[in-house]
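*Asks:* Next up is a structure, given as structure tokens.
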């Protein structure tokens, strides 16, 4: 979604001259590439020629034949583009308008509960973040204390919150986090996982993980008075400038203080 936003930013700068590349396996890392199936949008076009040229440009970058740094003269852009300057002045819920989610009976019942309560979406990502390869880069920045502090913050701001828990490891969450007034959502998997994002976006408030999945759910939440809590430290590298000023960070100092008092 960040890449699509960036493509639209480029399209505003260079109308009718932006093409997409869809051959990278990273686009299908968690599920099939579904962006234009989930949202009512049109992807940038591509042709055999533009695919071939983008692959050549990618190889040139990999082998340092050309610089990876983009300039005003660049013709190939390869990155994630995590920067809010690319959507400044853009109506993101309009850009990413969900198509009919075709919810199951169970999902429809959960949506009804969300719409009739002071619903708070809580996203807890484990899965690949717990692997040896990723845990130090991503998996250590939303410890249990993060969620405890975030839930306390919601209680200070909102009356009668109902917490809807979304996770790729619901059993672990139930065993390790005591969340009051909780509803555990565990009905979407594989190519239906995006429906969790849809349901999270329908909640009034959001506690997000250091995950673009729940980040975008919160961004597409149209409640003008929403409370969004996020981890100030996003990952091992410098935290990207993507968070609205109205969102509430949980700082590293707060997490360390909570850990020291245990």
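*Asks:* Checking the structure you have, find out if any residue of segment 20-30 is in contact with a helix residue (DSSP H, G or I) (Cβ under 9 Å, 6 or more places away or on another chain), within 26 Å of residue 213 (Cα to Cα) and at pLDDT 75 or above.
*Replies:* yes
*Asks:* Pull up segment 214-239, narrow it to residues that are within 17 Å of residue 81 (Cβ to Cβ) and modelled with pLDDT of 95 or more, then point me to the one that is surrounded by the fewest Cβ atoms within 10 Å (Cβ to Cβ).
*Replies:* The selected residue is 216.
*Asks:* Additional query: Among helices (runs of 4 or more DSSP H) lying entirely in segment 168-262, which contain 3 or more residues that are more than 18 Å from the chain's Cα centre (by Cα) and farther than 30 Å from residue 95 by Cβ? Let's see the steps before the verdict.
*Replies:* Values: elements: 170-176, 194-202, 212-219, 252-260.
Hits in segment 168-262: 170-176, 252-260.
*Asks:* Which residues, taken from segment 96-107, are surrounded by fewer than 17 Cβ atoms within 10 Å (Cβ to Cβ) and either in contact with a strand residue (DSSP E or B) (Cβ under 8 Å, 6 or more places away or on another chain) or touching a residue at least 60 places away in the same chain (Cβ under 8 Å) (or both)? Steps first, please.
*Replies:* We begin by selecting, within segment 96-107, every residue surrounded by fewer than 17 Cβ atoms within 10 Å (Cβ to Cβ); these are 97-100, 102, 104-106.
Within segment 96-107, 97, 98, 99, 104, 106 qualify.
*Asks:* Here's something else I'd like to know. Please enumerate the residues belonging to segment 78-90 that are at pLDDT below 95, touching a helix residue (DSSP H, G or I) at 6+ places or on another chain (Cβ under 7 Å) and either loosely packed, with under 15 Cβ neighbours inside 10 Å or over 13 Å from residue 240 (Cα atoms) (or both).
*Replies:* Of everything in segment 78-90, those that are at pLDDT below 95, touching a helix residue (DSSP H, G or I) at 6+ places or on another chain (Cβ under 7 Å) and either loosely packed, with under 15 Cβ neighbours inside 10 Å or over 13 Å from residue 240 (Cα atoms) (or both) turn out to be 78, 80.
Per-residue answers, yes or no, for (1) out of contact with any helix residue (DSSP H, G or I) (no Cβ under 6 Å at 6 or more places or on another chain); (2) part of a helix (DSSP H, G or I); (3) without any contact (Cβ under 8 Å) to a residue 12 or more places away in the chain:
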| site | (1), (2), (3) |
| --- | --- |
| 94 | yes, yes, yes |
| 109 | yes, yes, yes |
| 121 | no, no, no |
| 132 | yes, no, yes |
| 138 | no, yes, no |
| 141 | yes, no, no |
| 152 | yes, yes, yes |
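*Asks:* Give segment 38-69 a look and list any residue that's modelled with pLDDT of 60 or more, in a loop (DSSP other than H, G, I, E, B) and surrounded by 12 or more Cβ atoms within 10 Å (Cβ to Cβ), or say none.
*Replies:* 40, 41, 43, 44, 46, listed by residue number.
The values are calculated or read from the model by the stated rules, or taken from the named source; none is laboratory data. All values derive from a computational prediction rather than experimental measurement. Glycine gets a Cβ as well: all are built from the backbone with ideal geometry, and neighbour counts include every protein chain shown.
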